[in-house]
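Notes for the one structure printed next.
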């Protein structure tokens, strides 16, 4: 498993050299970075998820309940109780101190716990009672622990597509890569190969990995496929990567949104579907409850008088705000839509 992870355009590296806090701080500076600074619960979770699978052989700290830890970049060495990050970020904005049935951190046990570490196990180990893995503890800066180095502002290589459908392939599985939205397009980062990847993709619609694919055109074909699946097959089916692949390939091959909606309705209800069955299906999937008799009659009447076709009513349902909320469309816009072929 890689010892490098990317988060929010920052790079982090686990250094498996046991050092006291001061030496770790100096070593991080010499590497051009700094001991890791954590400013949000999302960042803390991302780093904990990265570190915990690697932590079986991490050193432990006796004064920290004999739990395993890793150094982070904060201390109250200058003034007891006044914690500060090594990069001068505002420590008051976020903290994740351990707590439990025995009390809470920081507790400056024995009067010499002045450096910040993230626990890799509960403490006191193994039962806990003062903190759990991923939470913070103040421990003696003389402990020799591994440490996490952070670097700011990764330089991105811009990869720009054309006005046509563009794709790009990356070696390795999708989970070896991190994809996130940027102002211009999408950022893709990975440290799994021999050369780290730090690309910004602009007007690239399809990414191909060894195990699956990722569609980035959530304002185009991929977005309409996700909305269609949500409205016709239900929000739970949006995560079905085979369904997503069928829909994306269908549109990418030049078929229309109306044709895709017809295909989806056929899959759900069959070719002999009735107006009543279409209304009940769409309304229930989008609104979460069956339509009242009056609501069903309203939409059925509009189908019978030609105001809507079954397909156009399906598209109307797919594009509603309620459907977008059900399928977490904003989340798909941030990270793309996985599919298989």
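The values are calculated or read from the model by the stated rules, or taken from the named source; none is laboratory data. Note that the structure is a prediction, hence the values are computed from the model and not measured. Glycine also receives a Cβ, built like all others from the backbone with ideal geometry; neighbour counts cover every protein chain displayed.
Please determine whether any residue of the stretch 288-299 is closer than 30 Å to residue 213 by Cα and crowded, with 19+ Cβ neighbours inside 10 Å.
Taking every residue of the stretch 288-299 in turn, none turns out to be closer than 30 Å to residue 213 by Cα and crowded, with 19+ Cβ neighbours inside 10 Å.
Return the residues of the stretch 304-327 that are under 21 Å from residue 215 (Cα atoms) and in contact with a helix residue (DSSP H, G or I) (Cβ under 8 Å, 6 or more places away or on another chain); say none if nothing qualifies.
Within the stretch 304-327, 315, 318, 319, 323, 324, 326, 327 meet the criteria.
Taking the residues in the stretch 58-67 that are closer than 21 Å to residue 28 by Cβ and either part of a loop (DSSP other than H, G, I, E, B) or free of Cβ contacts under 8 Å to residues at least 40 places away in the same chain (or both) as candidates, determine which candidate is farthest from the chain's Cα centre (by Cα).
59
Just one of (1) assigned to a loop (DSSP other than H, G, I, E, B); (2) in contact with a helix residue (DSSP H, G or I) (Cβ under 8 Å, 6 or more places away or on another chain); (3) surrounded by fewer than 13 Cβ atoms within 10 Å (Cβ to Cβ) trips up residue 330, so point out which.
(1)
Identify all residues within the stretch 291-307 that are assigned to a loop (DSSP other than H, G, I, E, B), more than 21 Å from residue 323 (Cα to Cα) and within 42 Å of the chain's Cα centre (by Cα); write none if there are none.
Result: 307, single match.
Looking only at the stretch 68-90, filter to residues that are touching a residue at least 60 places away in the same chain (Cβ under 8 Å) and surrounded by 18 or more Cβ atoms within 10 Å (Cβ to Cβ); which one of those is nearest to residue 20 (Cα to Cα)?
For the stretch 68-90, the residue satisfying everything is 71.
Take residues that are touching a strand residue (DSSP E or B) at 6+ places or on another chain (Cβ under 7 Å) and tell me which of the helices (runs of 4 or more DSSP H) falling wholly in the stretch 195-290 contain 2 or more.
Qualifying helices (runs of 4 or more DSSP H): 221-233, 241-252.
Pick out the one residue from 113, 93 that is buried (at least 19 other Cβ atoms within 10 Å of the Cβ) and either at pLDDT 95 or above or in the same structural domain as residue 40 (by TED's automatic domain parsing) (or both).
Only one candidate passes the filter, namely 113.
Checking the conditions here, which among 188, 154 is more than 30 Å from residue 116 (Cβ to Cβ) and either in contact with a strand residue (DSSP E or B) (Cβ under 7 Å, 6 or more places away or on another chain) or assigned to a helix (DSSP H, G or I) (or both)?
Criteria check complete, one pass: 188.
Hey, any hits in the stretch 141-149 for a residue that's surrounded by fewer than 22 Cβ atoms within 10 Å (Cβ to Cβ) and at pLDDT below 95?
Looking for residues that are surrounded by fewer than 22 Cβ atoms within 10 Å (Cβ to Cβ) and at pLDDT below 95, one finds none in the stretch 141-149, hence no.
Filter the stretch 28-63 down to residues that are closer than 21 Å to residue 153 by Cα and surrounded by fewer than 17 Cβ atoms within 10 Å (Cβ to Cβ), then give me how many there are.
Total meeting the criteria: 9.
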